[in-house]
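Visitor: Below is a structure I'd like to ask you about.
The values are calculated or read from the model by the stated rules, or taken from the named source; none is laboratory data. Everything numeric in this text was worked out from a predicted model, so none of it was measured. Note that we place each Cβ from the backbone using ideal geometry, even for glycine, and neighbour counts take in every protein chain shown. Surface areas here come from the heavy atoms of the whole protein model, side chains and all, with no ligands, DNA or RNA. Shrake-Rupley method; radii C 1.70, N 1.55, O 1.52, S 1.80 Å.
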Amino acid sequence: MRRMMVAGNWKLNQGPAAGRELAAGVQARLEGRTLRGEVLCCPPFVTIPAVSAVAQGEPVLVGAQDCSDQASGAYTGQVSAAMLAEAGCTHVIVAHSERRQYQKETDDLFVAKIDRVHEAGMTAIFCFGELLEERQAGREEEVVEAQLSGVLPRLASATAENLILAYEPVWAIGTGETATPEIAQHMHLVSRAEAGRILGEDTAARLRILYGGSCKPGNAAELFGQTDVDGGLIGGASLKVDDFVAIVEAAETAMGG
Ligand code: PEP
């Protein structure tokens, strides 16, 4: 059985003081529990040390929302994967749709970033998903397959352990509109099949694929109940302790906990 993950993407929210408080709230609610799944919080860079000080390993892991494609050098404003690992991160989100849209990031950059994450001994969470107009044109499978085949075959050392996929239909991110469980399951199946063609069936069967897009306490159980949905990447709902913990509990229940 694949171990579920519930990962919070805090985006551009929570400075060090507010981040420490949020992480401490989640930590307090999960403290002492042996969870079946994994729980991850991904604060902004400057908040990582404050969150790492509160959450020192399981049950609450700390991740980053992005990293540089470069290892070191004259790259003003960038943060390397090795620095993030040193600061206590175990995971890094790569290719979030907001970075694809606002920073115009491309497949070449995603490949380099994921390789840097792996070199630093961390796990990359690779995001992909179709736009509303692509779904309306019936192109969602083709788009998702292209996003996966543009990156996965070029990775130097991807395994089922150091790579997690996150299917995030862009029309569902921050909109309040969630993919139905049927849509999520279908797209996860399509994604796993494409990953199988690229990485091999054995790796694909063990690879975790998270769902992201307006996942909340009211819909998490149904989404996580789908065979190929292995947890969630949570935006808005990860900023409220009660909501985030309720989503973690939905994952625990889905895993038989
Ligand atoms: C996200 O940005 O990864 C996300 C899933 O956001 P939200 O849950 O707010 O839709």
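Visitor: Please go through region 1-30 and pick out each residue that is surrounded by fewer than 16 Cβ atoms within 10 Å (Cβ to Cβ) and within 16 Å of the ligand (Cβ to nearest atom).
Guide: Correct list: L12 only.
Visitor: State yes or no: is G232 modelled with pLDDT of 95 or more and within 13 Å of the ligand (Cβ to nearest atom)? Break it down stepwise before answering.
Guide: Working: modelled with pLDDT of 95 or more: yes; within 13 Å of the ligand (Cβ to nearest atom): yes.
Against the criterion (modelled with pLDDT of 95 or more and within 13 Å of the ligand (Cβ to nearest atom)), G232 qualifies.
Visitor: Can you list the helices (runs of 4 or more DSSP H) found entirely within region 155-227 that contain at least 3 residues being within 16 Å of the ligand (Cβ to nearest atom)? Quick ask: steps written out before the conclusion?
Guide: Numbers: elements: 181-199, 201-206, 217-224.
Helices (runs of 4 or more DSSP H) meeting the threshold: 181-199, 217-224.
Visitor: Right, another one. R33 passes all but one of (1) in a loop (DSSP other than H, G, I, E, B); (2) open to solvent by less than 20 Å² (accessible area, probe 1.4 Å); which number fails?
Guide: (2)
Visitor: Within region 74-124, which helices (runs of 4 or more DSSP H) (wholly inside it) include 1 or more residues that are within 16 Å of the ligand (Cβ to nearest atom) and charged (D, E, K, R)? Working first, answer last.
Guide: On the way: elements: 81-86, 97-102, 107-119.
Because the criterion is at least 1 residues that are within 16 Å of the ligand (Cβ to nearest atom) and charged (D, E, K, R), the helices (runs of 4 or more DSSP H) in region 74-124 that meet it are 97-102.
Visitor: Let me ask you something else. Which one of I114, I93, I164, I173 is within 21 Å of G236 (Cβ to Cβ), open to solvent by less than 10 Å² (accessible area, probe 1.4 Å) and out of contact with any Cys (no Cβ under 7 Å at 6 or more places or on another chain)? It would help to see each step written out before you state the result.
Guide: Values: I114 fails: within 21 Å of G236 (Cβ to Cβ); I93 fails: out of contact with any Cys (no Cβ under 7 Å at 6 or more places or on another chain); I173 fails: open to solvent by less than 10 Å² (accessible area, probe 1.4 Å).
The match here is I164.
Visitor: Hey, another quick one. Could you tell me which of the residues L12, L40, L22, L61 is in a loop (DSSP other than H, G, I, E, B) and modelled with pLDDT of 95 or more? So that I can check it myself, show each step before the final result.
Guide: Numbers: L40 fails: in a loop (DSSP other than H, G, I, E, B); L22 fails: in a loop (DSSP other than H, G, I, E, B); L61 fails: in a loop (DSSP other than H, G, I, E, B).
After ruling out the rest, the residue left standing is L12.
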